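The values are calculated or read from the model by the stated rules, or taken from the named source; none is laboratory data. Everything numeric here is computed off the predicted structure, so don't read it as measured data. Because the Cβ atoms are built from the backbone with ideal geometry, glycine has one as well, and the counts that use them run over all protein chains shown. All accessible areas refer to the heavy atoms of the entire protein, side chains included, with ligands and DNA or RNA removed. Shrake-Rupley method; radii C 1.70, N 1.55, O 1.52, S 1.80 Å.
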Amino acid sequence: MAEFDHVENIYKLYDVAKGINGSSAEEALQAYSEILAYSKPTLSKNAHILAKSFIPDLFSSFAREKSVASKAIESMIDFCEDEDVKIRTEAIRKLPDMVLMSTSDSDKDLVMDILIQLLQSQTPAELQAVQSSFDKLSTALPEIASKQLWAFAASADEPALQSIAVNILISTVKSIGNSLAYAKDGIKSIISINDKNIINKLLPSLLSVAAMKGGDDPAGTALLTELLDALVARAPVQSAHTNSNQEALDFIAFLPKWVVNILNRNASSSSLITYLASIAFPAILSNKLTNEREVTHLLRLAVESCASGPQSPEIPILIPKLKDLAIKYGSTLREEALDSDSSSKVSWPILEPLTIALYISMRRCPTYPLSTENSLELTPALRSICYEAQLALPNLRKEVVRLTADIDAWMTAEKTRLQCNNVLEVTREMLKLATLRSATPPTIKFSWRPNSIGRPVSKPRPKRAVPIPIAAEPASVSGEHRTVRLKRRSSALESVPKNPPILKHVEKKPRAEPAKRGRGGRKKR
């Protein structure tokens, strides 16, 4: 069939599908199905262009016919992969209106998937159309957008799409994130994401939604507990606790600040306490875990889990392990003190959370009265720890005063002094007689909390240069042959987005001083 015949034929099919010549419903449906075949450009270029306009124009009449509607949407997706950028752009703009008229949920999932893939485009006009269509569809279908974005964010097989999805989730949380489905999809994805940096980026947006506010809301508290359980489940098992396992160390070091944020919203700490008592602390006691930094973070997690709002019923299983750890470290200090040849260095970052966690857990658990007499080895260990703190504190205070001029050295010394002081306060309280113990625990400022360390008054805070972003070079405007080869069900893609703009510091030039004036306002020569 010649080019002219194809064009004439598609006009006739349009009239039949429109019902202009009194055609029946079956004839109209058949004519529309034949128009869909022209989405392939192999028959006729002009007829192909006409089909791009006719398919969305007639779609409302056949949207309830699921099979035909799905084929029509597939045909428009074919236009989204056309070599002509103008055809691609116009088809992309028509997709949201068509899919919103469709009665098929699979069509909605597919088009949302395709639009996210098309966000990889390097052509400015096409990318603008994709962004507009995606914003329109995600606003109308926030739950589908949430499901698709979190699925892409959790998929490490497609790094380009993963990066795009993460950026969208961070920037558009206000428009699509105020739903229960968003929070649930996010928690499921957090469980399967392996990259700690991506978790770090996504958790703020996830915790900012209304469904995750916690407090007195039982549903929000349940979601927070589910999120905490997911993070704890990602922590390494006992066999992974070795000094050579950097990934395990990094994950535990990353966990505390998010645990604090989640527990402060009244989430349950039962899963965290169970993990510490059954896996983490036995690894320390058996010397499978000896890295000081990792041990410190585990003990800080114990403090946060014991001090959190809702009291966990699992605290009793943690107390014996904390006692054994206190005996372990206290006995070591006592043996080194008796050995005249030993030059021991007390690890205050470990002893601070250890003593605090032991004290708080004993206070909060009714089955464990605040007493050290029920363990013959615990009291001597605590006395050794207290004695070391009494000896070290005066010297640490002098060191803080001496280093006032050096801000970095001063902050390190002040943090060590605070840790030693906390150890002394808590051990003194635990070693008191029962009749002399305070009704309320001593006021302790945890050294690992943000802003726990101030700044010396005599040293002004140094000003930092603010980096100024430089705009990236614009992409090529032509783009006729730079198409995104779509995978209809989220699989590996070929193109990778461009690198982000580089931040470059621009130094400000000093302003010229104004000329001095003499009396009468005249300039001095």
Of the residues in the range 133-144, how many are more than 24 Å from the chain's Cα centre (by Cα) and open to solvent by 60 Å² or more (accessible area, probe 1.4 Å)?
1
Suppose we keep only residues that are in a loop (DSSP other than H, G, I, E, B) and of a type in the set (Asp, Glu) within the range 373-405. Which one would you say is farthest from the chain's Cα centre (by Cα)?
Glu373
Against the definition (in contact (Cβ under 8 Å) with a residue 12 or more places away in the chain, touching a Leu at 6+ places or on another chain (Cβ under 9 Å), among the hydroxyl-bearing types (Ser, Thr, Tyr) and closer than 18 Å to Phe254 by Cβ), how does Ser205 come out, yes or no?
yes
If you check Phe254 against the conditions, is it at pLDDT 90 or above and either among the aromatic types (Phe, Trp, Tyr) or outside any helix (DSSP H, G or I) (or both)?
no
Of these, Lys136, Lys86, which one is in contact with a helix residue (DSSP H, G or I) (Cβ under 7 Å, 6 or more places away or on another chain), part of a helix (DSSP H, G or I), modelled with pLDDT of 90 or more and basic (Lys, Arg)?
Lys136
Could you please let me know if Ala267 is under 23 Å from Cys306 (Cα atoms), modelled with pLDDT of 85 or more, open to solvent by less than 10 Å² (accessible area, probe 1.4 Å) and part of a loop (DSSP other than H, G, I, E, B)?
yes
Is it the case that the range 145-153 has a residue that's surrounded by fewer than 22 Cβ atoms within 10 Å (Cβ to Cβ) and among the small types (Gly, Ala, Ser)?
yes
Extreme residue, modelled with the highest pLDDT, among residues of the range 45-68 that are surrounded by 21 or more Cβ atoms within 10 Å (Cβ to Cβ) and of a type in the set (Gly, Ala, Ser):
Ala51
Which pairs do you get when a residue that is within 15 Å of Thr89 (Cα to Cα) and part of a loop (DSSP other than H, G, I, E, B), found in the range 41-54, comes within reach of a residue that is open to solvent by less than 80 Å² (accessible area, probe 1.4 Å) and at pLDDT 90 or above, reach meaning Cβ atoms under 9 angstrom, with the pair 6+ apart or on two chains?
none
Within the range 419-436, residues of a type outside the set (Asp, Glu), open to solvent by 20 Å² or more (accessible area, probe 1.4 Å) and in a helix (DSSP H, G or I) come out as Asn421, Arg428, Leu431, Ala434, Thr435, Leu436
Flagged in the range 19-41 as among the hydroxyl-bearing types (Ser, Thr, Tyr) and surrounded by fewer than 20 Cβ atoms within 10 Å (Cβ to Cβ), in numbering order, are Ser23, Ser24, Ser33
Out of (1) free of Cβ contacts under 8 Å to residues at least 40 places away in the same chain; (2) under 27 Å from Asp135 (Cα atoms); (3) open to solvent by less than 80 Å² (accessible area, probe 1.4 Å), the odd one out for Val16 is which?
(2)
Can you tell me which residue is nearest to the chain's Cα centre (by Cα) among those in the range 270-295 that are surrounded by fewer than 23 Cβ atoms within 10 Å (Cβ to Cβ) and assigned to a loop (DSSP other than H, G, I, E, B)?
Asn291
